[in-house]
Amino acid sequence: MEVKAISRNLRISVRKARPLARRIQGLPLADALAVADFSPLKAARFLACTLRSAAANARNNNNLDIETLKVKTAVFDEGTRMKRYWCGARGSAKPIQKKLSHLTVVLTNE
């Protein structure tokens, strides 16, 4: 059985977050949480929160044992972009795009 948790509109670029998500794929839940908790990256905080949410979904909604869960997939996808402007020379405006991302974590007990 698979259990999913999604976090949307996270204020991080997918380019910075994807390496950590790739690192935890295939690990047991306890090991994946250990990697996320002890990593100094900003993405680790988002990943740990979403992993805990998926574990809570598995326990409360599907009555699964948390010790048997593994991370099947952890994917950072691109979200929308916040469009802002920075003041430029001679009164011009320079566009800035602040990137957002969506995180999807799928746990399985197989």
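For this structure, a couple of remarks:
- Descending semi-axes in Å of the chain, equivalent ellipsoid built from Cα gyration tensor: 34, 13, 10
- Accessible surface of the chain [probe 1.4 Å, protein heavy atoms]: carbon and sulfur percent: 51 percent
- Exposure of residue 108 as accessible area (Å², to 10), given a probe of 1.4 Å and all protein chains: 10 Å²
- Theoretical ellipticity at 222 nm over the chain - DSSP helices of four or more residues, -39500 (n - 2.57) apiece, nearest 500: -12500 deg cm²/dmol
- Residue-normalised accessible area of the chain, expressed per residue, 1.4 Å probe, Å²: 64 Å²
- Working note: Karplus 6.51/-1.76/1.60 with θ = phi - 60° gives region 29-38 the couplings 4, 5, 5, 5, 5, 5, 4, 5, 6, 9 Hz, where Gly and Pro are set to x.
The values are calculated or read from the model by the stated rules, or taken from the named source; none is laboratory data. If you're wondering where the values come from, they're calculated on a predicted model, not measured in any experiment. Calculation scope for accessible area: heavy atoms of the full protein, side chains included, ligands and nucleic acids excluded. Shrake-Rupley method; radii C 1.70, N 1.55, O 1.52, S 1.80 Å.
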